[in-house]
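Since the structure comes first, as structure tokens, the remarks are kept for the end.
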Amino acid sequence: MKFILIVGDGMADYPVPELGNKTPLQVAYKPNMDSIAAQGQSGLIKTVPDELTPGSDVAICSVLDYDPRIYCTGRGPLEAPARGLELGVNDACYRCNIITEQNGVISDYSAGHITTEESSQLIAAVDQALGKKGQIEFYPGLDYRHFLILRNFPNPELIVCTPPHDAIGVSVSAVLPRAKSPLAQDIALVLVDLINCSRGILRSHPVNITREKAGKRLGNLIWPWGGGKKPSMPTLKEKFGLNSAVISAVDLIKGIGTYAGMEIINVVGATGLDNTNYEGKADAALKALVRNDLVFVHVEAPDEAGHCKDARLKVKTIEDLDKRLLGRILRGISEPYAIAILPDHPTPIKTGTHSRDPVPFAIKSPFLKPDGTKRFDEFSAKSGAFGLVENDYLISLLIAAGKEKKPS
Ligand SMILES: [Zn+2]
């Protein structure tokens, strides 16, 4: 039995006036997703525990049967393996954005979507001036997304860091890292100091001089956030006895996959946007299924469309996922399989940000009797045989569905 898990990031939504008060999933032409629902069983599943912030870090850990309350230690440590960064058990790893500060206020979390080429020069200059090998290390990532590793840095969970995308228009001094306990006071000051010292280094850097002349936003401050230690997770092989692989354009997903012991498959042209290489991902999934029991394919594009509040684009990303990726996998697979389709969390058009509502899912397997659900969407899934799943994880449901029930 082969297992296929398809996640359309942020695909679920609320009814949208522009779409005749229907959701993008209800409006999209998606015969393949609908066929999984019609030939299998559906339900709604809660992927974000009440006490956590909705996001793909939390939701994807949930989907893969890793309790996010334990394993979601921060964006930094979860993304680091995708960049080949090695963390010791006592190291704290932060995402370290290059951001724009204007008159003491955070005005852009991405420094005007600065390019990797420019941004990596800036972080290298910061590392040269402020880094100390074995203690404070900066590493370049994609675009504005870099990393800061503090070696042997106790209790990163005792320091509050504000994600820069949640602090636009807020004064820098109001959202500097701060300690939750006196125990971490000194350490919070290290982060504050690094931020303050980066100002002078970045302001005069040739990259910023050129950007200023071109009227572009400056990358004039570093912003560490999402810090934590690496999670110590049992692999999917240890948990379920299955060899697995993951296909995604997104560092966070590849990082979680690395900790979960999955084979990380990079596909040329996989961008995380609506121009992604859907066919390439499908072909890579079919190839990976030859040597793996389970393949997880993640598509970021619907989430991006949700953040842009673009309903038509969101419908298109769902239709592309259905036709160009899912349909191609279903046509190409020759062995018996169980397959699940779902979003990790909703990214509603109305708000342009993640929500914590339970998401619809459908699972098809030779051992599951159709439950009468005809289509795959938020409303059809409500009456599916699984009902509302609050205390189980999607991957466990999928694996259980792929096993023949022995008569008791
Ligand atoms: Zn998102």
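Miscellaneous remarks
- Share, in percent, of DSSP beta bridges within the chain that are antiparallel, nearest 5: 60
- Taking one quarter of the surface of the convex hull spanned by the alpha-carbon atoms of the chain gives a direction-averaged projected area of 20.6 nm².
- Amide proton proximity set for residue 293, modelled H, under 5 Å, gap of 5+: 243, 244
- With a threshold of 18 Å on the Cα-Cα distance, the over-threshold entries among 374/403; 22/314; 314/374; 237/405; 22/382 are 374/403; 314/374; 237/405.
- Whole-angstrom gap from region 69-107 to region 143-202, using each part's C-alpha centre: 10
- Solvent exposure of region 100-148, expressed per residue, is 46 Å² of accessible area, with all protein chains present and a 1.4 angstrom probe.
- Within region 91-159, trypsin sites (Lys or Arg not before Pro) in DSSP loop having at most 10 other beta-carbon neighbours inside 10 Å: 133
- Most mobile of 202, 289, 52 in a GNM of the chain (Cα contacts under 10 Å): 52
- Cα gyration tensor, region 229-359 - rounded (a/c under 1.5), prolate or oblate: oblate
- 10 Å-binned pair-distance histogram of region 96-141 (Cα, whole percent): 26, 46, 26, 2
- Expressed as a whole percent, the accessible surface of the chain that belongs to carbon and sulfur atoms is 51, based on a 1.4 Å probe.
- More than 16 Å apart - percent of Cα-Cα pairs taken over region 68-110: 51
- Within region 69-124, GluC sites (Glu not before Pro) in DSSP loop having at most 14 other beta-carbon neighbours inside 10 Å: 86
- Hull volume in cubic angstrom per residue (convex hull over the Cα atoms of region 324-408): 131
- Solvent-accessible area per residue for region 255-299 (1.4 angstrom probe, square angstrom): 37
- Calculated [θ] (222 nm, deg cm²/dmol) that DSSP helices of n ≥ 4 give over the chain, each run adding -39,500 (n - 2.57): -9000 deg cm²/dmol
- For the set 180/229; 2/239; 281/350; 46/180; 254/350; 287/369, the pairs lying more than 21 angstrom apart at their alpha carbons are 281/350; 46/180; 254/350; 287/369.
- Those trypsin sites (Lys or Arg not before Pro) in region 359-407 that DSSP places in a loop and that have at most 15 other beta carbons within 10 Å: 374, 403, 405
- Pairs of Cα atoms farther than 18 Å apart, region 21-88, %: 58
- Using alpha-carbon coordinates, inclination of helix 116-130 to the longest axis of the chain, degrees: 50
- Look at where the Cα atoms of region 1-61 and of region 343-408 average out, and the two centres are 8 Å apart.
- Heavy atoms of residue 201 accessible to a 1.4 Å probe, total area in Å² rounded to 10: 40
The values are calculated or read from the model by the stated rules, or taken from the named source; none is laboratory data. Since we're looking at a predicted model, the values are computed, not measured. With ideal geometry, Cβ positions are generated from the backbone for all residues, glycine too; neighbour counts draw on all protein chains shown. In case anyone asks, the SASA skips ligands and DNA or RNA and just uses the protein heavy atoms, side chains included. Shrake-Rupley method; radii C 1.70, N 1.55, O 1.52, S 1.80 Å.
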